[in-house]
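The next block holds one structure in the form of structure tokens; read it before the comments.
The values are calculated or read from the model by the stated rules, or taken from the named source; none is laboratory data. Keep in mind the model is a prediction, meaning the values are calculated, not measured. FYI the Cβ positions are ideal-geometry reconstructions off the backbone, even for glycines, and counts take in every protein chain you see. The protein model used for the area step is the full one, side chains on, heavy atoms only, and it has no ligands, DNA or RNA in it. Shrake-Rupley method; radii C 1.70, N 1.55, O 1.52, S 1.80 Å.
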Amino acid sequence: MKKLLALLLFAATAFAEQVPYAPDRRADEGEGPFQRLIIRGATLVDGTGAPPVGPVDIVIEGNRIREVRSVGFPKVPIRNEGRPKDATREIDGSSLWVLPGFVDMHGHSGGDAQGTPAEYVFKLWMAHGVTTVREPGCGNGTDWCLHERDRSAKNQIVAPRLFPYIFTSERSWDGGAIDTPDQARKFAQYVSRKGADGIKILGPAPLFAPDVLSALLDEANKLHLGTTTHLAQLGVAQSNIIQAARMGLRGMEHWYGLPESLFTDRTIQNYPHDYNYNDEQNRFGEAGRLWKQAAPPESEKWNATIDELIKLHFNIDPTLNIYEASRDLMRAMRAEWHDRYTLPSLWRFYQPSRSAHGSYWFNWTTGDEVEWKNNYRIWMQFLSDYKNRGGRVTTGSDSGFIFQLYGFAYIRELELLQEAGFHPLEVIRSATMWGADAIMAPKGTKADFGVVKSGYLADLVLVDQNPIANLKVLYGTGWLHVNDSTGSAERIGGIKYVMKDGILYDAKRLLHDVEVMVQDAKVKEGKTK
Ligand SMILES: [Zn+2]
């Protein structure tokens, strides 16, 4: 979301210092891959929407899941005959829930503006079970992104699998403005030549002229590149979401352009006459008053738009969490993880500023928060209806802006989908199988991750509390409850292990590494807290 601002900041420092790469993975970071690992007696949530089932034994050989076998009944001793054998390593899964590794469809790798090293971002993701990230833009540059993608693929760094999408404002593209159909095609060819997975369409505005946008999308589809967009206000009067989807756009981020597709009594949002897009109080304040200008839920236009987008196999990646400060600034600002896990440089980046992106707290009032709460209600109903009528909704975080912290905000995204009306199993399906499908569909290949099943890549989340009963147990800070046998409050949960590509990481240790980085940064800056 903060792309534009971030890009401006990047431009200011362009070619100054390259953002450092993540450090090489040390020998004591992660264990495996294993010749034959068996996780025994676990409860499985496989990612397809199937209910939890257990006890199961899960066999992993190298970086692939070899077998998933049901081995008995709850609360009944497991009989040994009929269980898979010959493990070279075993994990007692009797108190563990096993899920597929999570897919964050909107993960920026941080950078100069936030002062967030790659190691910090990658470890926060991994500690929260995120084993795959679609990088929607590659703000540190295409080459940086591809470099880290390749190292992650070889497990040379502690990081999720990375799928780079390139900004249409990418600075290493030297082919000039993308403002004609011919230029648009050339840009898509450039992204394909580079070996990236797709294009993140953000602007500038001339790109949203129908002839230019349709050429870009046509060429991208021919080249099997994915496409997604942040369809900002500066472009939406030329092409809204339904119009872009008809031209071949594969999916969208956030929600911009959707209410505009549902207008029946106007063609342009009801901007105040003194509105200025570069005044972010204007931009975000008025955005919170947008859904109510669209055709209402369950109206003919509402249903027809949903059905047409579904027919076009259009993916919606809402990133609900990134706007949450708009409806409750104090909640986002005082989140309990900031003290331990937010770098001072990132904290500074979040503070009110007329010139920093997403820091629009100049005159943020009760009225603004109420408008946003109402805005969310309609938006969430759209997402729930989209899912119920057969559409695919995925999970993306967009962290590093607006008080949202990498990893933690991803779990918050899962909670917000539940608030939108998704059953927790539907939430997990969005976070796993559907994310994998959305990444692989444009390539014309079937995903082999995102589901716990034989033959698939060994990307797993292991947690010692039931995440279906309570998504909060997935937060790195765990869940605060009262232990009724001791009578005292305690924290439980937090992901225990995360496996990526057959390598097993202690999630709490990854989080500890992050805590040390934050402490060191504070000491360096002479802060005590
Ligand atoms: Zn973003």
Count, please, the residues in the stretch 270-326 that happen to be over 13 Å from Gly391 (Cβ atoms), open to solvent by 10 Å² or more (accessible area, probe 1.4 Å) and of a type outside the set (D, E, K, R). 16
Every residue in the stretch 94-113 that is in a loop (DSSP other than H, G, I, E, B), within 30 Å of Leu346 (Cβ to Cβ) and among the hydrophobic types (A, V, I, L, M, F, W, C), please. Met105, Ala113
Does any residue of the stretch 397-417 turn out to be among the charged types (D, E, K, R), open to solvent by less than 10 Å² (accessible area, probe 1.4 Å) and either at positive phi or in a loop (DSSP other than H, G, I, E, B) (or both)? yes
Pick from the stretch 346-369, criterion modelled with pLDDT of 95 or more and among the polar types (S, T, N, Q), ranking: farthest from Gly526 (Cα to Cα): Thr366
Could you check, for the stretch 339-361, whether at least one of its residues is open to solvent by less than 30 Å² (accessible area, probe 1.4 Å), within 16 Å of the ligand (Cβ to nearest atom) and touching a Lys or Arg at 6+ places or on another chain (Cβ under 6 Å)? yes
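Yes/no per residue for (1) in a helix (DSSP H, G or I); (2) among the small types (Gly, Ala, Ser):
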{"site": "Gly476", "(1), (2)": "no, yes"}
{"site": "Ser485", "(1), (2)": "no, yes"}
{"site": "Ala489", "(1), (2)": "no, yes"}
{"site": "Lys496", "(1), (2)": "no, no"}
{"site": "Ala521", "(1), (2)": "yes, yes"}
Quick one: which strands (runs of 3 or more DSSP E) lie wholly within the stretch 33-93 and hold at least 3 residues that are on the phi < 0 side of the Ramachandran plot and without any contact (Cβ under 8 Å) to a residue 60 or more places away in the chain? 34-44, 53-62, 89-92
For Val191: the one exception among (1) touching a residue at least 24 places away in the same chain (Cβ under 8 Å); (2) farther than 11 Å from Ala220 by Cβ: (2)
Residue in the stretch 214-253 that is nearest to Asp317 (Cα to Cα), counting only those that are open to solvent by 10 Å² or more (accessible area, probe 1.4 Å) and among the polar types (S, T, N, Q): Asn240
Looking at the stretch 177-209, which of its residues are open to solvent by less than 40 Å² (accessible area, probe 1.4 Å) and part of a loop (DSSP other than H, G, I, E, B)? Ile178, Gly195, Ala196, Asp197, Leu202, Gly203, Ala209
Members of the stretch 78-120 found to be among the aliphatic types (A, V, I, L, M), away from the ligand (no atom under 16 Å from the Cβ) and open to solvent by less than 10 Å² (accessible area, probe 1.4 Å), listed by number: Leu96, Val98, Leu99, Ala118
